[in-house]
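The values are calculated or read from the model by the stated rules, or taken from the named source; none is laboratory data. None of the values given here were measured: they were computed from a predicted structure. As a convention, Cβ positions derive from the backbone with ideal geometry for all residues, glycine included, and neighbour counts pool all protein chains shown.
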Amino acid sequence: MRIEHLKAVDSTNEYIRQYISKRENVTVSADMQTGGRGTKGRSFLSDMGGVFVSFLTFPADMVAARSFRIMAHAAVAVCRTLEEYGISPEIKWPNDVRAAGRKIAGILIENGLKGDRVDYSIVGVGLNVENDVSSLGGIAVSMRELVAPPSVEAVRQKLIENFLRPSEFEEYRTHVRFLGQKIGVEEGGKRYTAVARAILEDGRLVVEREGEICTLSAAEIFLDRGEQ
């Protein structure tokens with residue numbers, strides 16, 4: 001795999017697109033992003049001191065219906081990395097990783113499809129290491145607040161190594177701590193409380209609401225009252 005590191009870039013996900021036509025597996029990281037993006041078009045704080053990395057891969061004969069495995073694998077890679085530094089992470093469905101009840105990493109997946117198959121996948125990961133996230137009003141945390149982490153470069157290398165190791169879906173499930181608990185759900189402009197029951201391998205979240213089982217494909221969930 002080709003590995004490239006930049007001082008600054010607007011977005012590692014955007015930059016890495018130039019390699020799609022070359023059909024080459026590539027990893028691109030940057031010290032900072034000037035236009036970092038999260039899900040739903042949200043901006044992602046990408047100041048110096050964080051790990052910002054994107055992976056371009058070409059999954060072998062993966063049907064689009066199984067593409068959540070890409071997200072699950074990326075979340076597992078982040079969790080493995082944090083655990084190596086003594087941090088206990090949890091996955092907030094579907095794409096955030098939390099520690100000490102606050103967001104420590106975000107993942108953005110952009111897949112290209114060809115028919116019913118995943119042609120290519122771009123996985124962007126932002127992990128807070130030494131960067132100052134105080135401007136986010138207490139919803140985020142960096143590694144430096146929890147442990148004395150080594151250099152950003154060392155954390156970046158660990159993350160890349162863990163991403164390149166294979167994973168099983170069950171490893172994703174073991175980091176989902178809210179199953180069996182009440183959660184807030186925002187769906188279609190409405191907000192309600194439900195009990196999280198399971199996460200299916202296609203990424204859907206199974207919840208129980210007033211005795212009825214529902215399966216969610218896209219929704220916002222809230223794990224505690226202080227979360228926005």
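Numbers below:
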{"item": "Selection count where residues are within 24 Å of ALA218 (Cβ to Cβ), touching a residue at least 12 places away in the same chain (Cβ under 8 Å) and outside any loop (DSSP other than H, G, I, E, B), scope the range 156-190", "result": "10"}
{"item": "Given (1) free of Cβ contacts under 8 Å to residues at least 12 places away in the same chain; (2) in a strand (DSSP E or B); (3) surrounded by fewer than 15 Cβ atoms within 10 Å (Cβ to Cβ), number of the condition VAL206 does not satisfy", "result": "(3)"}
{"item": "Test: residue in the range 164-175 that is of a type in the set (D, E, K, R) and more than 30 Å from THR27 (Cβ to Cβ)", "result": "no"}
{"item": "Count - residues of the range 114-152 that are touching a residue at least 60 places away in the same chain (Cβ under 8 Å), assigned to a strand (DSSP E or B) and either buried (at least 18 other Cβ atoms within 10 Å of the Cβ) or among the β-branched types (Val, Ile, Thr) (or both)", "result": "10"}
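A quick yes/no check of all residues on (1) in a helix (DSSP H, G or I); (2) in contact with a Pro (Cβ under 9 Å, 6 or more places away or on another chain); (3) at pLDDT 95 or above; (4) buried (at least 22 other Cβ atoms within 10 Å of the Cβ):
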site	(1), (2), (3), (4)
ILE3	no, no, yes, no
GLY35	no, no, no, no
PHE52	no, no, yes, yes
LEU56	no, no, yes, yes
ALA60	no, no, no, no
MET71	yes, yes, yes, no
ALA74	yes, no, yes, yes
GLY86	no, no, yes, no
